[in-house]
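Presented below is the structure to which this report refers.
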Amino acid sequence: MAANKGKDTMGAGVGRTLTRRGFVELAGGVAAAGGMLALAGCGSTSSSSSSDSAATTESASTSGDDSTIRFGCEAAYAPYEWKQDDSNDYTLPISNLDGAYTDGYDIQLMKMIAKEMDREPVVVNISFQGLIAALQNGEIDAICSGMSATDERKESVDFSDPYLHSGVGIMVKKDSDYADATSLDDFAGASMVAQKSSLPDQVIDQVPDVVHLDPVDSIPDALARLEAGTVDAVTVDANNKDLYEKTYTDCVVIVFDDGKGFDTPGVDPAVAVQKGDPEGLLDSINKVIDGLSDDDRQKLWDECSERAPE
């Protein structure tokens, strides 16, 4: 989300900032099971619709207490998080969607943070563009949804240390004239779209003479337009390159070499809390994040990517 559902330092690799030391005990065995699935990307739809991701917090907006911590996310951005109808050792129930559960990278991080705080994690599904308002209004205690810690957002909320390194790639059809592009200049004049309120949408104007189309509500919406041929390209989180290409076999995600792609210095996903951190959450959140090694983060990302729905 990141969207983002945020999300230029990497290609196929994930963050070089979280540890897997103690991940099994912190996540309550989440990583131990080792079962894995596949992700959503450029030719099918995500398991969570944009209407699901725009759900209100009506049934979960009661004040939190010391026994729980309420995390807001948009469960339509695999492998960060996705919605499913069954529960297992990896999932958490979505408090404001009856009978729905969520799994993903952010969900496992939520479990670890809640474990560190000796609280129960509560997941509230909110559209990505509505997350900061929900946090400011006290409907949730924290945002954990692949949200990039941009300077603009830092004016409204406080962020933890980054838990992944992020970048932006461009997804196109394999038979597109842009499929062999090696720099942003090769996309001059192309039409592009991305998800609302996301880093991939914010950077589109770095492409020369780009036709920047109005952003859409969700990643699946953007990818549907690419599949329909109504847009030349979709900007996406580069972390998802392998996963999108695995699911959308007629598409390719282009991640440029250093100096030839998007300029996104220091904009990595992190956990957001209310400005001033009135609940004193950041110390515990950062303790978990800083305790995760690069290998831990990559392993967790790979596991979630394999479990994600096609």
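A few comments on the model shown:
- Measuring between their Cα centroids, segment 85-161 and segment 221-267 lie 24 Å from each other.
- Among MET171, ILE219, GLY189 - extreme Cα towards positive end, dipole of segment 168-254, charges at beta-carbon: ILE219
- Residue-wise HN-Hα couplings along segment 302-308, as the Karplus relation 6.51 cos²θ - 1.76 cosθ + 1.60 with θ = phi - 60° gives them from phi, are 4, 5, 5, 4, 6, 7, 4 Hz; Gly and Pro carry x.
- Cβ-defined net charge surrounding GLY99, 10 Å radius [Lys, Arg +1; Asp, Glu -1]: -3
- Of LYS111/LYS154; LYS196/LYS287; LYS115/LYS241, those spanning more than 26 Å from alpha-carbon to alpha-carbon: LYS196/LYS287; LYS115/LYS241
- Taking the C-alpha atoms of segment 138-220, convex hull volume expressed per residue in Å³: 135
- Close amide H contacts of LYS275 (hydrogens built in the peptide plane, cut-off under 5 Å, sequence separation of 5 or more or a different chain): ASP158.
- Tail fraction, Cα-Cα pairs, segment 90-207, threshold 23 Å, whole percent: 45
- Look at the alpha carbon pairs under 8 Å that are at least 6 residues apart: their mean separation over the length of segment 173-310 gives a relative contact order of 23 percent.
FYI, it's all coordinate maths here, none of it is from the lab. All of these numbers come straight from a predicted model, not from anything done at the bench. Positions of Cβ are backbone-derived with ideal geometry, glycine not excepted, and every protein chain shown enters the neighbour counts.
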